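First the structure, in the form of structure tokens, and then the observations on it.
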Amino acid sequence: MTSLSIRALKEQLSGAKERAKAMLAVGIESGLVWELRPDGVRAAAEAFLGGALSPATIYRVHGANTPDKIALYWRDTRRTFADVDASMDRIASGLSRRGFGRGKSLVLMTRNRPEFIEAHGAAARIGAPAVSISWRSTASELAYLATHCGARGIVFEPDFFPVVEEALKSLPAIERANLFALDGGAPGCTSFDVLRDEPAGFRAAKGTTDGAAVVIYTSGTTGKPKGAVRKFPKDSLASWMKFIAETPMRHDDIHLAVCPLYHSTGFGFLGLAHVLGQSAVLLDEFKPEAFLQNVSRFSVTSTAVVPTMLHRVLSLGPEVLERYDTRSLRVIFTGGAPLPGPLALDVMDHFGDVLFNFYGATETGLVTLAKPKDLRAAPWSIGRPIPGNEIRLLGDDGREVNAGEVGELYVKNKLLVSGYHKDEGATQASMKEGYFSVGDLARVDRDGRYFIEGRKRDMIISGGVNVYPAEVESVFESHPAVAEVAVVGVPDREWGERVRAFIVKRAGAVSDGVDEGALKAWAREKMAGPKVPREFVFLEALPRNPTGKVLKRELRAWTAPVA
């Protein structure tokens, strides 16, 4: 055996030891280890000794260990871990017979439902990239994404058939037989049930899943979405365990999945829940009162949401909020967009100190976590680095900035995406010495807490002064008459750029008489002159994408309505 192969073997053994250690620690803390049965231990050893952690393996392990435990509640149906595991094998068999495999992408365009999870896992089991896209996509958006990822098939709901049929005109690589329609099918398409009716017992050849990946397209708030390629390297298991170890998550939790599964927050936290063998409740889509109803009905203990969902829940008002028993909630994860400090405090005042604000991105995985104690002390904080993450804040000169100064946030960890699909230029532009940046600006205080100050492309330079939108927004978020705010820079002949604030007022008497003059006076007491908005625009609601991010490109393009 050569010295190179000996070194590789030592690294493999070291990695396996780290994964086993992390899994054991979390297993004990979460209570999962006491639920392990002989069949589960064998399945876990087979899956995890190879380092695999993907939709192809999670359900195999729990399907063997707790086959009768409910994995998914959806509408009036219940699916056990054994059900989901078996369905993945059958669907994988059907896809394989139709030519899907490594390099043959499958697009998923559905609401939150069990088939989304099953198709994802089935694709992974035959090494086919699963590509999640918004079910709100237009025909042109679907055609662009399917072409960009090299799709060979689409799984969709019949409601979306007109969009799929229109997009198909621009997709010569997709055969109509590889359009898989749910709920009984669509004209001229293959019923998804045909895949689930395949004979049982399918097992992909050894090594088929090596290098399996999912492709998650970024939100595209500033231009065309980029496809982030997420693989599942051997070290990913230890990274996931390190995050779980920072939280109160347990194996017997009931998780409520309300974020869309085509987005990293929804898919990622459902994955974490199922790593621990938790049961999960799927909501087709988020509705504020339905969120409360399901927390109460299922005694939900954990959920993951974006901040705008929390805002909409609290906006229901005390009369509605008090109808539902939400005392079972132990963990509310939030992220995907900035969390306003006043909202963080309001959420904890109602639900208790159960709020955990995370920072991460499709490209980086989970990077920091602010626990309730952090949010009480510094409500706007994204917290401290999760073990396994290295963070650098770099100035325009490429050097690390001092504590309290703003720099571009770069992160290195074991969960970085392998790059952007078919976009080497964007991949290289985001990387620096092994660290990855999605363009967020941040600062760190002397206690080690991080704060997002906005995106690099959103920074405003007015009269030579750097203005960070997040700083201006935080001032107005603390105003009692302001429900929501977004700040952008617009061209100005004298100043280069001027600050424009878009304001959504709170309903009720507290906002009466609050106008541009009053808000400017408020701002001048709290900020230096260049940061005070020169213009205010009052809106009924801020434009957001389906995952809750404010569409600042639309705000920058805003023009005053003609009288």
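Just so it is clear, none of the values below were taken in a lab; they were calculated from the coordinates. Model, not experiment: these values are computed from the prediction. Heads up, the Cβs are rebuilt from the backbone with ideal geometry, glycines too, and the neighbour counts pull from every protein chain shown.
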The range 451-481 scanned against label point 7 Å out from Val490 along Cα→C-beta; backbone N under 16 Å for 460-462
I need the peptides 356-366, 168-178, 326-336 ranked by packing, meaning the mean over residues of other C-beta atoms within 10 angstrom, with the highest value on top. 356-366, 326-336, 168-178
Provide Trp74, Trp380, Trp34 in ascending order of the number of other Cβ atoms located within 10 Å of each residue's Cβ, fewest first. Trp34, Trp74, Trp380
How big is the antiparallel share of DSSP beta bridges in the chain, given as a percent to the nearest 5? 55 percent
For Cα pairs less than 8 Å apart in space and 6+ apart in sequence, what is the mean separation divided by the residue count of the chain, i.e. the relative contact order in percent? 10 percent
With the Cα gyration tensor of the chain giving a ≥ b ≥ c as the square roots of its eigenvalues, does the rule (a/c under 1.5 for rounded; else a/b larger than b/c for prolate; else oblate) give rounded, prolate or oblate? prolate
Pull out the extension gain between Arg446 and Glu166, defined as 0.36 nm times the separation in residues minus the alpha carbon to alpha carbon distance; nm, one decimal. 95.3 nm
FRET efficiency for Glu424 and Glu175 from the Cβ-Cβ distance with R0 = 25 Å, rounded to 0.05, comes out at 0.25
Cα gyration tensor, the range 459-556 - rounded (a/c under 1.5), prolate or oblate: oblate
Relative contact order [Cα under 8 Å, 6+ residues apart], the range 459-556, whole percent: 28 percent
Would you mind computing, in nm to one decimal, how far apart the modelled labels at Phe298 and Arg136 are, each placed 7 Å from Cα along Cα→Cβ? 2.2 nm
222 nm [θ] for the chain, helices only, -39500 (n - 2.57) per DSSP H run of 4+, per residue, to 500? -10500 deg cm²/dmol
In nm, to one decimal, how far is the modelled label at Glu433 from the one at Ala507, with both set 7 Å along Cα→Cβ? 5.3 nm
Can you tell me how much longer the chain between Arg312 and Asn545 gets when fully stretched, taken as 0.36 nm per residue apart minus their C-alpha distance, in nm with one decimal? 82.4 nm
Determine, for His350, His148, His274, the number of other Cβ atoms within 10 Å of each Cβ, and report the residues in order from fewest to most. His350, His148, His274
With r defined as the distance between the Cβ atoms of His350 and Glu46 and R0 fixed at 51 Å, what FRET efficiency is calculated, to the nearest 0.05? 0.70
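Is the shape of the range 369-500 rounded, prolate or oblate, going by the alpha carbon gyration tensor and its root eigenvalues a ≥ b ≥ c, with a/c under 1.5 for rounded and a/b larger than b/c for prolate?
Oblate, because a/c is 1.5 or more while a/b does not exceed b/c.
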